[in-house]
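**Student:** Mind having a look at this structure? Questions to follow.
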Amino acid sequence: MKEPNEKIQIEKIVDMLKNSEQNVTFYDCLYNLYVLLGIVKGVNEINLENGIPLDDFLTEREALYENYNRKSS
């Protein structure tokens, strides 16, 4: 099995920073980078065929939702 590759080209990061608003904070930039890394990681997982089918995801999500509702009641 291949190792996940989560490298992002520096140009994408520079573009993200250039396209951000003028009043953006350092923490906003970190958050945006964190989200970008998460997207890249997800795409890599799909490319490595480590994802799960949508039906399985929906079943797991529904079970988690029901479990959460029981705990909060």
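The values are calculated or read from the model by the stated rules, or taken from the named source; none is laboratory data. These numbers come from a predicted model, not from an experiment. Neighbour counts run over all protein chains shown; Cβ positions are idealised from the backbone, glycine included.
**Student:** Please name all residue pairs, on different chains or six or more residues apart, with Cβ atoms under 7 Å, provided the first residue is in region 38-63 and is assigned to a helix (DSSP H, G or I) and the second residue is surrounded by 12 or more Cβ atoms within 10 Å (Cβ to Cβ).
**Tutor:** Between residues of region 38-63 that are assigned to a helix (DSSP H, G or I) and residues that are surrounded by 12 or more Cβ atoms within 10 Å (Cβ to Cβ), the close pairs are Val40/Glu6; Val40/Ile8; Lys41/Pro4; Lys41/Glu6; Asn44/Pro4; Asn44/Glu6; Glu45/Pro4; Glu45/Gly51.
**Student:** From the list Leu37, Leu48, Leu30, Leu54, pick out the single residue that is at pLDDT 85 or above and either touching an Asp or Glu at 6+ places or on another chain (Cβ under 7 Å) or of a type in the set (Val, Ile, Thr) (or both). Explain how you work it out, then say what you get.
**Tutor:** Values: Leu48 fails: either touching an Asp or Glu at 6+ places or on another chain (Cβ under 7 Å) or of a type in the set (Val, Ile, Thr) (or both); Leu30 fails: either touching an Asp or Glu at 6+ places or on another chain (Cβ under 7 Å) or of a type in the set (Val, Ile, Thr) (or both); Leu54 fails: either touching an Asp or Glu at 6+ places or on another chain (Cβ under 7 Å) or of a type in the set (Val, Ile, Thr) (or both).
The conditions single out Leu37.
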